[in-house]
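Taking it in order: structure first as structure tokens, then the write-up.
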Amino acid sequence: MLIKASAITNLTDARYFAAKEVAFLGFNLEENTEGYLDPMHMKAIREWVEGPQVVGEFTRASASYVREAAAFFGLDAVQAPATTLDADAAALEGLTVIASVDGSLPELDTILEEKAPYVAYFLVDMSREIDSSTGLVVDPETWKQRCARFPILIRADVVAEHWPRLLAAIQPAGIDLAGGEEERVGVKSFDEIEAIFDALEEMSE
């Protein structure tokens, strides 16, 4: 199961997720957006971890800006909204692109079809498609078919015990887990995230 860790803002998170052998570590490098991390801090954190590909996360920047940032900061991959690819998809040609998209959009299938040639993965926010109290998916068969056709990483706000049911129902390429603030420098509880990793490990046994 491929895992992307998103919105990393501190070394504690980065080292934890790297130790878990996640595929991607994501850093929000777009100024004036929630969770922004100064790229200089990202570069400092990067020197302390090995393994995961480093992803620059963007939400409003143009494709040309994203490409410049990827080159300047030596990013392994970039994440941008699927709508960014509408304006100038060619600007991101040759980059490993993760396209974020809202899973509740009525035109979702059209977006996946049209953007598939330009992206490595789709990061799909399924918050509105899942009952967080049970982990049950709205129309699981449709989602299973989407995940079979496209490389989808899902973002979902569900507790650890529901992840196995959710993943078994739709079988995505992977999942997205978010980092968070430290309680104090170098100190943070990973109990909730650890429970998710434990659930994933039990699935693979």
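Readers should treat all values here as calculations from the given coordinates under stated rules, not as data from a laboratory. Keep in mind that what you see is a predicted model, and the values were worked out from it rather than measured. All Cβ positions, even for glycine, are placed from backbone atoms using ideal geometry, and neighbour counts span all protein chains on display.
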Qualifying residue in region 2-22 (condition: within 13 Å of the chain's Cα centre (by Cα), closer than 22 Å to LEU177 by Cα, of a type in the set (Ser, Thr, Tyr) and crowded, with 19+ Cβ neighbours inside 10 Å): yes
Region 124-171, residues that are of a type in the set (Lys, Arg) and either crowded, with 20+ Cβ neighbours inside 10 Å or in a helix (DSSP H, G or I) (or both): ARG128, LYS144, ARG146, ARG149, ARG165
Count of region 126-181 residues which are within 21 Å of LYS20 (Cβ to Cβ) and in contact with a strand residue (DSSP E or B) (Cβ under 9 Å, 6 or more places away or on another chain): 20
Output for region 104-123, where each listed residue is outside any helix (DSSP H, G or I) and either free of Cβ contacts under 8 Å to residues at least 40 places away in the same chain or surrounded by fewer than 20 Cβ atoms within 10 Å (Cβ to Cβ) (or both): SER104, LEU105, PRO106, GLU107, VAL119, ALA120
Criterion: among the small types (Gly, Ala, Ser), in a helix (DSSP H, G or I) and closer than 23 Å to THR9 by Cβ - qualifying residue of ALA80, ALA70: ALA70
All positions within region 56-67 that are part of a loop (DSSP other than H, G, I, E, B), of a type outside the set (A, V, I, L, M, F, W, C) and closer than 18 Å to LYS43 by Cβ: none
